[in-house]
Structure formats: C-alpha cells, structure tokens
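*Asks:* This is the structure, below, for whatever I ask next.
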Amino acid sequence: MSDTTPVFAPVRMRRAFEAICDQIRQQVADGLLAAGDRLPSEKDLSEQFGVSRSGVREALRSLEMAGMVEALTGINGGFYIKQSHPEGITQAVRDMVALKQVPVSDVTEARILLCGLAIKLACERGTNEDFAAIEADIDRFAELVRQGKPVRDSGLITEFYRLIGRATHNEVIVMLIDALSEILRGLIAQLQTPHSNVVQVRRKVLRLMRERDAEKASAALAKHLTALHTLLEDMERKKPAR
C-alpha cells in the first residue's frame, strides 16, 4: 500500500469521467496509489476534481468495470485500488469473440505465438521444480485418461500451459497465457481429439524443455496447437449462420 495521500487536479476538458479515470490511472502508474489503497470519498473526489458527484460515480463505475477498483461495503467501505487479476482481460476478449468482433482464429494464432515465446524463456529460466510441476500435471492428466474419466471440463486442459508460463518467471506471460487458454477452454472441450495423443505431445515437450532444446520443444507444441487451431476453425465454419 502507498503511504502518500493522492491529490487530484480539477478537470476541465473532455467528458469529466474520462479525465477522472485518467488521473486515477496515472496516480497508480506513478506509485502514488497502490493495490489496497482506499480512494477518497465520493464527496472529497467531487471537490478535488471540481465536478458533480454524478461525474465521480460514473468514473468509479467505469474503473470498477475495468477491474482497476473495487467497491467494498461495511465500516471500512468505499472504493479501493484492486489487486490486478487477468479476469478482466479474459472477459473482454471472450465478449469480443462472442460478438464476432474478434475471430477465434486470431485467439488461437496468438496462443501459438505466445506459447512459443514462453517455451523459449522456460528453457532459459525454468528450474527443476518448474519442470517437476509440469510433469506432475501431465501425470494427473494421463491418470484421468487411463481411468476413462472426463477431462474436457477439467482445469487440466489448460493447467499445462499455465505451468509453462510459470516456468518463464514472467507474470505478464502467465496472465496472457491464462487469459487465452481460458477463452478457448470451452471450445477445445468440444473437440473430439484423442487424449492419449495429448499426453504424448505434452511428455515430448517436457522432455525437450528439460534438455533445454527450445527450438524442438516449440516446434512440437506449435504442431499440436496448429492442429487444434485447424479443428477449431473447421468447427466455427460448420456452425449455422444466425
């Protein structure tokens, strides 16, 4: 949490709520506000910004929808700077896919490229503990397949990719991989791909990562993800037009 008290300047341009949002975001960027900090009351913000309380409320609603702040109730209620999570990114892109503003192929293509970068960094930075976590995840997935239990709705569909992201030791890459994988998880669950093949691919990728062979590991995973990409494109094309 920040030890400083934010001081805002009156806003005199554009729509008031946009200028208010910009100032609050800038104070976060400058370190004057941090996750967990409580914003001044609606009345105080109205006086500092020199706008009506309705303008402040509109700005706070906008920041809340963007995941920048959260409203808490009770004796310590008010608006607080929110700890960052990837859910906002995930939901925004998922909505754009649902509204056909972004094609599924763009999401799968981005995932292929991002996973290739993640494997390269994981081969450079990954520890034995990182690789052991990936192996344990593959073993859990393989055991479900062996027992004939459903895995399509399981988090194990995407956990493998998240753990590769973790092995990069770059939190932004983890968030982006999480977001893209979560967006595609429901669609991938509809595909009739043999899970035994998935296990084989994942074990091969892990073996190559342990050998620090980023080029071959990336190529192996890219081949698998490209096949999924093609299947998803075919599935989308076969959907009846609305």
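The values are calculated or read from the model by the stated rules, or taken from the named source; none is laboratory data. The structure presented is a predicted model; accordingly, all values stated were derived computationally and were not measured. Every residue, glycine among them, receives a Cβ derived from its backbone with ideal geometry; neighbour counts consider all protein chains shown.
*Asks:* Going through the stretch 76-106 one residue at a time, which ones are aliphatic (A, V, I, L, M) and at pLDDT below 85?
*Replies:* Ile89, Ala92, Val93, Met96, Val97, Ala98, Leu99, Val102, Val104 - these are the residues of the stretch 76-106 that are aliphatic (A, V, I, L, M) and at pLDDT below 85.
*Asks:* Mind listing whichever residues of the stretch 24-38 are touching a residue at least 40 places away in the same chain (Cβ under 8 Å) and over 11 Å from Phe8 (Cα atoms)? Outline the logic, then answer.
*Replies:* From the stretch 24-38, those touching a residue at least 40 places away in the same chain (Cβ under 8 Å) are 24-25, 28, 33-38; that's our starting set.
Those that are touching a residue at least 40 places away in the same chain (Cβ under 8 Å) and over 11 Å from Phe8 (Cα atoms): Arg25, Val28, Leu33, Ala34, Ala35, Gly36, Asp37, Arg38.
*Asks:* Test Ala16 against the stated conditions and say whether it is under 30 Å from Gly186 (Cα atoms) and in contact with a helix residue (DSSP H, G or I) (Cβ under 7 Å, 6 or more places away or on another chain). Break it down stepwise before answering.
*Replies:* On the way: under 30 Å from Gly186 (Cα atoms): no; in contact with a helix residue (DSSP H, G or I) (Cβ under 7 Å, 6 or more places away or on another chain): yes.
No: the conditions fail for Ala16.
*Asks:* Also, I was wondering about something else. Can you find, within the stretch 220-234, the residue that is surrounded by the most Cβ atoms within 10 Å (Cβ to Cβ) among those that are touching a residue at least 40 places away in the same chain (Cβ under 8 Å) and of a type in the set (A, V, I, L, M, F, W, C)?
*Replies:* Here the answer is Leu221.
*Asks:* Give the residues of the stretch 1-21 that are over 23 Å from the mean Cα position of the chain (by Cα) and at pLDDT 80 or above, sorted by residue number. Steps first, please.
*Replies:* So the first thing to find is which residues in the stretch 1-21 are over 23 Å from the mean Cα position of the chain (by Cα), and the list is 1-20.
Result: Ala16, Phe17, Glu18, Ala19, Ile20.
Okay, residues lined up against (1) under 19 Å from Thr90 (Cβ atoms); (2) hydrophobic (A, V, I, L, M, F, W, C); (3) modelled with pLDDT of 95 or more:
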{"residue": "Cys123", "(1), (2), (3)": "no, yes, yes"}
{"residue": "Asp130", "(1), (2), (3)": "no, no, yes"}
{"residue": "Ala136", "(1), (2), (3)": "no, yes, yes"}
{"residue": "Ala142", "(1), (2), (3)": "no, yes, no"}
{"residue": "Gln147", "(1), (2), (3)": "no, no, no"}
{"residue": "Pro150", "(1), (2), (3)": "no, no, no"}
{"residue": "Val174", "(1), (2), (3)": "yes, yes, no"}
{"residue": "Asp178", "(1), (2), (3)": "yes, no, no"}
{"residue": "Arg210", "(1), (2), (3)": "no, no, yes"}
